[in-house]
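The values are calculated or read from the model by the stated rules, or taken from the named source; none is laboratory data. Being a predicted model, the structure only gives us computed values, none of them experimental. Don't worry about glycine lacking a Cβ; one is built from the backbone with ideal geometry, like all the others, and counts go over all protein chains shown.
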Amino acid sequence: MESNIGNAAAVKLAVNNACVRLRAKDEDIALILPDPVIRVFVQHYDEFPRSTQEAEPMLRWKLKKSVPFEVDETLISYMRQSPREEGVDIVTALARLRIIRNMKRWRKARSCVRGGVELFAGGHYFAG
């Protein structure tokens, strides 16, 4: 798998230097990822399935032409929101699975970083 970190040695050195400066050990860190990695959408539906098994494939199908990556290779998170009219508004976040997996591997290799990869996008939480 190709890494999305261009210079892993420089990133490792920067994180380790920051940990030393902050006297941080076994801490959580935040990752800020660019728009091409995570996309958030709000869509209105007259009817929306209650079960995840029905909702996720429908959302992937609806959003596949709206993201700059393969929608089948994503983590997906969605939530219902109160609409202003009839029906239901769905807030959906898609995150590139390849990048998230890479961030998990990278995190495991750092001595001062604990926990999983925690990403927040538009109120959605992607834990790893």
Against the condition within 15 Å of the chain's Cα centre (by Cα) and of a type outside the set (K, R), how does L75 come out, does it pass? yes
Given (1) surrounded by fewer than 16 Cβ atoms within 10 Å (Cβ to Cβ); (2) more than 30 Å from A10 (Cα to Cα); (3) among the β-branched types (V, I, T); (4) at pLDDT below 85, index of the condition I32 fails: (2)
Going through the stretch 61-75 one residue at a time, which ones are in contact with a helix residue (DSSP H, G or I) (Cβ under 7 Å, 6 or more places away or on another chain) and touching a residue at least 24 places away in the same chain (Cβ under 8 Å)? L63, E73, L75
R21 assigned to a helix (DSSP H, G or I), without any contact (Cβ under 8 Å) to a residue 40 or more places away in the chain and loosely packed, with under 10 Cβ neighbours inside 10 Å: yes
